[in-house]
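Chemist: One structure coming up, written as structure tokens, with questions to follow.
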Amino acid sequence: MQPLSIAIAGCGPAGLAAALALSRQGHAIRLFDQFDIPRPLGSGLILQPPGMEVLDWLGPGPLLRRLGQPLDRLYGRAIGSGRVVLDVKYKALGEGLCGLGVHRAALFNVLHDAVLGANLPIASSRRIAGLTRANDGRPLVLAHDGSQHGPFDLVVDALGSRSPLIEHAAAPAQRHKLDYGAIWASLPWCGGFDPNALEQRYCEASVMIGVLPIGRLKDGEGKQAAFFWSLKTSDHPAWLREGLGTWKTRVRGLWPETGVLLDHIGDPAQLTLASYGHHTLPLPFGERIVFIGDSAHSTSPQLGQGANMALLDVAALAQALEDSDDLAAALADYARLRRLHVRLYQALSVVFTPFYQSDSLILPLIRDQLVSPVSRMPGATRLLASIVAGLMVNPLSRLRSFRTAFRA
């Protein structure tokens, strides 16, 4: 494809990764971000093996491995019975594979530094409000301040699940808000937890507590943990009124070992509320616009696939643009490359989320009684590890030309 002028809306990991990938193909890139100075949102996440491969191709992979914390296990127990509810080990997939716990700010920083190093322009303080069209049909980006930018040959929407641009998709989808979200905090790492595992505790399906090692924000700094508490978003005002002390007493009563982490929380503002929703665009593109990451598909974070899926979207989009000289055909090819993997993981999230975040009394009983014995059945250990690692239906097998191009 001939070089395109491309606007990328959103400076999160998906937008930054897309800027790096597409600029290396010779396209002219301009990023738009709502903040005066682009910055990350959130606490911690797990980068899975396919996502790390994409980051290796883009360049920041080795630095993130140095900052992040390798994870070999996801482990959880039911509060009260002590029954093991979750025990997924990456070694079931073979030696050398693992997850990587990272601070969201670390992921953002290394991608942002790479974008600045590539001299790619970022238009800050530009909250995208919509699109209009030039006389030739090319899109103009509308900012919230009323300014227009462009026209561009292509707009890449990386604004997330609440993007105002989703209405321009060929087949828009309604976002279904999930009742449960979580409050998160990044805290100094403390002893008493497995440094190579995501540990969780469950009380029915309405309470989930987690401790995720996320490594360092920067070289030379101390290691951190992401601490989270499952919470209905509608209950957040009541949680604030209840007071931090009452809540901390409850958490300690459910999982006493978390006391050393809770001691570092002195203000409710340290805990950020994350709300979740679910949507999947049947066609993640429109006329000269394409959707990646949470703009294309958002879900509960139960399977830890958000960043992983976004990075795979970037790889697929880069390959589609590389393989075709027609933009409309390339966008349709991008959708085809990602369709099976996205639909599978969206379906898995719909199925699994109510077992861990819901008001159901029956589902957690089924989970507590069946998950542990079933997970030890022949073949199940590898299957569960494959799901968690994002390797179901081998998403990278369709991206060989992208791999070859970047290695070259």
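Chemist: Residue 76 fails exactly one of the following numbered conditions: (1) more than 25 Å from residue 151 (Cβ to Cβ); (2) surrounded by fewer than 19 Cβ atoms within 10 Å (Cβ to Cβ). What is the number of that condition?
Modeler: (2)
Chemist: Checking residue 269 against (1) modelled with pLDDT under 95; (2) touching a Pro at 6+ places or on another chain (Cβ under 8 Å); (3) not hydroxyl-bearing (Ser, Thr, Tyr), which single condition isn't satisfied?
Modeler: It is condition (2) that residue 269 fails.
Chemist: Shifting gears a bit: Mind checking which residues of the stretch 10-28 are under 18 Å from residue 105 (Cα atoms), outside any helix (DSSP H, G or I) and of a type in the set (Gly, Ala, Ser)?
Modeler: Once the filter is applied, which keeps residues that are under 18 Å from residue 105 (Cα atoms), outside any helix (DSSP H, G or I) and of a type in the set (Gly, Ala, Ser), the stretch 10-28 yields 10, 12.
Chemist: Now, a different point. Determine whether the stretch 294-307 contains at least one residue that is in a loop (DSSP other than H, G, I, E, B) and either among the aliphatic types (A, V, I, L, M) or at pLDDT 95 or above (or both).
Modeler: First pass over the stretch 294-307, keeping only residues in a loop (DSSP other than H, G, I, E, B): 296, 299-300, 304-305.
Restricting the remaining residues to those that are either among the aliphatic types (A, V, I, L, M) or at pLDDT 95 or above (or both) gives 296.
There is at least one residue in the stretch 294-307 that is in a loop (DSSP other than H, G, I, E, B) and either among the aliphatic types (A, V, I, L, M) or at pLDDT 95 or above (or both).
Chemist: Here's a follow-up. Looking at 23, 81, which one is more than 26 Å from residue 229 (Cβ to Cβ), among the hydroxyl-bearing types (Ser, Thr, Tyr) and either in contact (Cβ under 8 Å) with a residue 40 or more places away in the chain or buried (at least 17 other Cβ atoms within 10 Å of the Cβ) (or both)?
Modeler: Result of the check over 23, 81: 23.
Chemist: When you scan the stretch 98-135, how many residues do you find that are crowded, with 17+ Cβ neighbours inside 10 Å and among the polar types (S, T, N, Q)?
Modeler: Residues that pass the stated criteria total 1.
Chemist: Residues to consider are 60, 49, 70; find the one that is surrounded by fewer than 18 Cβ atoms within 10 Å (Cβ to Cβ) and under 20 Å from the mean Cα position of the chain (by Cα).
Modeler: Of the residues listed, the single one that is surrounded by fewer than 18 Cβ atoms within 10 Å (Cβ to Cβ) and under 20 Å from the mean Cα position of the chain (by Cα) is 70.
Chemist: Tell me the residue from 361, 327 that is closer than 29 Å to residue 80 by Cα and over 25 Å from the mean Cα position of the chain (by Cα), please.
Modeler: Every option except 361 fails the conditions.
Chemist: Let me ask something additional. For residue 14, are the conditions met, namely being surrounded by fewer than 22 Cβ atoms within 10 Å (Cβ to Cβ) and in contact (Cβ under 8 Å) with a residue 12 or more places away in the chain?
Modeler: For residue 14, the condition - surrounded by fewer than 22 Cβ atoms within 10 Å (Cβ to Cβ) and in contact (Cβ under 8 Å) with a residue 12 or more places away in the chain - is not met.
Chemist: So, one more: Read through the list (1) assigned to a helix (DSSP H, G or I); (2) in contact with a helix residue (DSSP H, G or I) (Cβ under 6 Å, 6 or more places away or on another chain), then give the number of the only condition that residue 65 fails.
Modeler: (2)
Chemist: Turning to a different aspect of this structure: Of all residues in the stretch 359-368 being touching a residue at least 60 places away in the same chain (Cβ under 8 Å) and over 15 Å from residue 201 (Cα atoms), which is surrounded by the most Cβ atoms within 10 Å (Cβ to Cβ)?
Modeler: Looking at residues that are touching a residue at least 60 places away in the same chain (Cβ under 8 Å) and over 15 Å from residue 201 (Cα atoms), I get 363.
Chemist: Could you pull out the residue among 61, 44, 51 that is touching a Pro at 6+ places or on another chain (Cβ under 9 Å) and not charged (D, E, K, R)?
Modeler: Sole residue among the options that is touching a Pro at 6+ places or on another chain (Cβ under 9 Å) and not charged (D, E, K, R): 44.
Chemist: Let me ask another. Identify the single condition in (1) of a type in the set (Gly, Ala, Ser); (2) free of Cβ contacts under 8 Å to residues at least 60 places away in the same chain; (3) out of contact with any helix residue (DSSP H, G or I) (no Cβ under 9 Å at 6 or more places or on another chain) that residue 105 does not satisfy, given that it satisfies every other one.
Modeler: Result: residue 105 fails condition (2) only.
Chemist: Return the residue satisfying two criteria in turn: it lies in the stretch 148-159 and is buried (at least 19 other Cβ atoms within 10 Å of the Cβ) and not acidic (Asp, Glu), and of such residues it is farthest from residue 3 (Cα to Cα). Steps first, please.
Modeler: Step one: list which residues in the stretch 148-159 are buried (at least 19 other Cβ atoms within 10 Å of the Cβ), which gives 151-152, 154-159.
Add one more test, that the residue is not acidic (Asp, Glu), and what stays is 151-152, 154-156, 158-159.
Working: 151: 15, 152: 12, 154: 11, 155: 14, 156: 15, 158: 20, 159: 23 Å.
Among residues in the stretch 148-159 that are buried (at least 19 other Cβ atoms within 10 Å of the Cβ) and not acidic (Asp, Glu), the one farthest from residue 3 (Cα to Cα) is 159.
Chemist: For the stretch 29-46, enumerate the residues that are modelled with pLDDT under 90 and under 15 Å from the mean Cα position of the chain (by Cα).
Modeler: 40, 41, 42, 43
Chemist: In this structure, does residue 141 turn out to be in contact with a Leu (Cβ under 8 Å, 6 or more places away or on another chain), closer than 20 Å to residue 28 by Cβ and in a strand (DSSP E or B)? First the steps, then the outcome.
Modeler: Working: in contact with a Leu (Cβ under 8 Å, 6 or more places away or on another chain): yes; closer than 20 Å to residue 28 by Cβ: yes; in a strand (DSSP E or B): yes.
In short, yes.
The values are calculated or read from the model by the stated rules, or taken from the named source; none is laboratory data. Predicted model only: the values in this text are computed from it and were never measured. Glycine gets a Cβ as well: all are built from the backbone with ideal geometry, and neighbour counts include every protein chain shown.
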